[in-house]
Amino acid sequence: MNSHEKMLGLLDLFDGEESVVTVTIDEMHERLGYTRSTLYRYLKTLTDAGLLTSLPSVGYMLGPRIVELDYKIRTGDVLIRAARPVMEELAAQFRGIALLCRRYRFDVLCVHQESGTDAIHSGYERGRRRSLLHGAASLSILAYLPDHQLRKFHSTAASQFAEAGFGNTLKEAKVILREQRQRGWVSTTGDVTPGVTGIASPVFDGRSEILGSLSLTLPNGQVQARSLNDVAERVAFCAGVISKTIAYS
């Protein structure tokens, strides 16, 4: 890695477990192997840019520039702006929780949430990342991964695919994903959160490439009282509206 990649590697230290909010110089030295002089040089650059900050006897943490950038994303992100009114209507209509997710490498990142009920709570809040292999919001993205990316993902996580019910081979996984594409939506029950059903459809960019997903989380009893197909068709329609808005923005 060049020096810039090494410096950015410091930010990756905060990209692991959610409980990790501070990192000390000793931990950085142990995990990255950089000399202390190099660490201090990188840390000064990142601190001056506002990407990191520090507190005595605590360590380094993400800085105020991250908060500023997050505000600009929440208020200016084209995807969120296109999805927010649709999500508000969807959540209110079905008294559920609507989630907007983006594909992030081989994971999925929640970028926005709208709630229309107090009956359930979704811990999948903005900024939380999950595997592509669990939950309707994730599976609806996985089904549309380009073939070369699906192959790469499967080659590094074949056992996880099998554990998630996609069979023991890439061929078997493709058959299941093809069925999901033909239906246009995915539903899971209790896959991530017990007692709830998630229904999701893909969201595409202006080139018809998978960008993310729109999902609706409902209590299991509420889904039984309504037709799953009816709810799913509405979710798919709303996801299509978002995709078209993105394409013409």
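What follows is calculated from the coordinates using simple rules that are stated; it is not laboratory data. None of these values were measured; they are calculated from a predicted model. In this analysis, Cβ positions are derived from the backbone assuming ideal geometry, glycine residues included, and neighbour counts consider all displayed protein chains.
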task: Might you check whether a residue that is surrounded by fewer than 16 Cβ atoms within 10 Å (Cβ to Cβ), among the acidic types (Asp, Glu) and in contact (Cβ under 8 Å) with a residue 12 or more places away in the chain occurs anywhere in the stretch 119-142?
output: yes
- request: Would you check which residues across the stretch 181-226 are closer than 16 Å to LEU150 by Cα and surrounded by fewer than 18 Cβ atoms within 10 Å (Cβ to Cβ) and list them?
  value: ARG181, GLU209
task: Kindly indicate which of LEU43, LEU55 is of a type outside the set (Ser, Thr, Tyr) and exposed (fewer than 12 other Cβ atoms within 10 Å of the Cβ).
output: LEU55
- request: Residue by residue through the stretch 197-210, note down the ones that are over 18 Å from MET87 (Cα atoms) and among the aliphatic types (A, V, I, L, M).
  value: ILE210
task: Check PHE106 against each of (1) aromatic (Phe, Trp, Tyr); (2) within 13 Å of the chain's Cα centre (by Cα); (3) crowded, with 21+ Cβ neighbours inside 10 Å and name the one condition it does not meet.
output: (3)
Selected residue (only one of MET7, MET87 is surrounded by 11 or more Cβ atoms within 10 Å (Cβ to Cβ) and closer than 30 Å to ALA239 by Cβ): MET87
